[in-house]
């Protein structure tokens, strides 16, 4: 609960500030129309959905002074009527409320569209002032300051109730500069005269100052003793420019690919990267936010590549099964027998973890931990330094490992996406690995053959592509290319991370596309799958501008996986496969 000490003078100041806000709102509402281009007012719910980030209070009007109607929690979505014309509050559908509607502070919820796409509503809200007439002098007689004097004795502290955004200024329109840590106290240095926001000491900010919304923190001390801040526009300080998010991929080996003569208009890879980034930003997958993603695209004809979010490590999920399969073929000198063909097919097509562990055991001469080490060592010899697996997949409930294992430190950021400590990679690493497989299978050359002479054959590389092509699930990359397009890919997903790694064969040129999306705790499939499909469509259309795909075509994922009698098993056991068509 908030602990606030009131005095008569402080109460008068608070009421004066409240009246100023109300007068401003009434004047603007009576004399101003919605901003140019703003949608017309509407009082029926839209298809826009809001979900609490943790927990959010609902109020009868757009402000914390209005009565509390209830709370909403993460996991349930509510339809949105619109946003207030002046204040950063959203009107949502809430059946328990008297009129089935309630207001929520915009910074406490996530939306399935950008806030700019939410229409405005003109809503009559209940009065928050007493019915008796009150005569107040609307002046503020406290000094304007942005810093608490060093001689202050009674400090004011705030403590976050949950994860709370810290903004550069007093409003959700200002950039997020970090989050408060629940349970940790922060010093409040001021309060805004017009908006319910507090200024706090925040070491991670460019100027060591941040702003938080008062309704989402507990306050200890005399909040009205804080200096009033009246500035309505807070400008950014001079900052060191951040590196570009879309960069050129760096091959992990020299002479990764001999550029081929261009047969058609070259693909503008930088423009493609910018388009992908713009699309991700429109859905809230932003580099500086908690929800983000990484994408790698490689033109297999020219060797040009782009990488978005290249240095972020993600959980390897089932995508790590590609390196496992590559290592299996490196260590074997004869075609897989019937049992091993079934293990490979079930691992790559049915995404079996048990069969993946069986392959690790084969690689490690009966020891899956030794097999995992072999996989990691081969990745490092290829220069894929951010990819490793140090333990077999967990089957069922987690148990104590059969032998002690520790995670590995890499050059990537191993914190942001909370990756599995025993199984990690990056989309760029996986993309270059698929490039090596493609060169071996199609050109019968490349790093696999050069770095591991007599340990890889073109047929083995074609078998890798063959089994990945049989992995048909009708979503992700497959849903973003025309039906019938050959997509050799491996998908993977866990609660907070979803990914896909593919070689795509198209009339306009073959390419590698690898993706990973992350959102803390839970990433909804209905958000991630169409997002990756649309990215795949953008890439396909960049390579095939003369016959673009108009829209994605996701379908239902078949929950069964039966490989009985599949021609794939015979192809995996064959001593020779012809060149890819």
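One residue stands out among those in the range 203-219 that are modelled with pLDDT of 75 or more and surrounded by fewer than 17 Cβ atoms within 10 Å (Cβ to Cβ): the one that is nearest to the chain's Cα centre (by Cα), which is 203. Evaluated against (1) modelled with pLDDT under 95; (2) surrounded by fewer than 21 Cβ atoms within 10 Å (Cβ to Cβ); (3) touching a helix residue (DSSP H, G or I) at 6+ places or on another chain (Cβ under 9 Å), residue 485 falls short on exactly one condition, (1). Scanning the range 37-55 for residues that are at pLDDT 50 or above and in a loop (DSSP other than H, G, I, E, B) yields 43, 44, 45, 46, 47, 48, 53, 54. Is one or more of the residues making up the range 323-331 within 25 Å of the chain's Cα centre (by Cα), at pLDDT 95 or above and surrounded by 18 or more Cβ atoms within 10 Å (Cβ to Cβ)? For the range 323-331, residues within 25 Å of the chain's Cα centre (by Cα), at pLDDT 95 or above and surrounded by 18 or more Cβ atoms within 10 Å (Cβ to Cβ): present. Looking at the range 126-143, can you tell me whether even one residue there is at pLDDT below 85, closer than 29 Å to residue 77 by Cβ, within 30 Å of the chain's Cα centre (by Cα) and part of a loop (DSSP other than H, G, I, E, B)? Looking through the range 126-143, none of the residues is at pLDDT below 85, closer than 29 Å to residue 77 by Cβ, within 30 Å of the chain's Cα centre (by Cα) and part of a loop (DSSP other than H, G, I, E, B). Scanning the range 492-509 for residues that are in contact (Cβ under 8 Å) with a residue 60 or more places away in the chain and out of contact with any helix residue (DSSP H, G or I) (no Cβ under 7 Å at 6 or more places or on another chain) yields a total of 2.
The residue that is farthest from residue 433 (Cα to Cα), counting only those in the range 252-287 that are in contact with a helix residue (DSSP H, G or I) (Cβ under 8 Å, 6 or more places away or on another chain) and at pLDDT below 85, is 286.
Among the residues of the range 319-330, is there at least one that is without any contact (Cβ under 8 Å) to a residue 60 or more places away in the chain, outside any helix (DSSP H, G or I) and out of contact with any strand residue (DSSP E or B) (no Cβ under 6 Å at 6 or more places or on another chain)? Checked the range 319-330: no residue is without any contact (Cβ under 8 Å) to a residue 60 or more places away in the chain, outside any helix (DSSP H, G or I) and out of contact with any strand residue (DSSP E or B) (no Cβ under 6 Å at 6 or more places or on another chain).
Is there a residue being assigned to a loop (DSSP other than H, G, I, E, B) and without any contact (Cβ under 8 Å) to a residue 60 or more places away in the chain anywhere in the range 56-72? The answer is yes, given that some residue of the range 56-72 is assigned to a loop (DSSP other than H, G, I, E, B) and without any contact (Cβ under 8 Å) to a residue 60 or more places away in the chain. Which is surrounded by fewer than 22 Cβ atoms within 10 Å (Cβ to Cβ) and either assigned to a strand (DSSP E or B) or under 24 Å from the mean Cα position of the chain (by Cα) (or both), of 104, 113? Exactly one of 104, 113 is surrounded by fewer than 22 Cβ atoms within 10 Å (Cβ to Cβ) and either assigned to a strand (DSSP E or B) or under 24 Å from the mean Cα position of the chain (by Cα) (or both), namely 113. For the range 493-508, the tally of residues that are surrounded by 23 or more Cβ atoms within 10 Å (Cβ to Cβ) and within 22 Å of the chain's Cα centre (by Cα) stands at 6.
The values are calculated or read from the model by the stated rules, or taken from the named source; none is laboratory data. Note that the coordinates shown come from a computational prediction; the quantities given were computed from them, not determined experimentally. In this analysis, Cβ positions are derived from the backbone assuming ideal geometry, glycine residues included, and neighbour counts consider all displayed protein chains.
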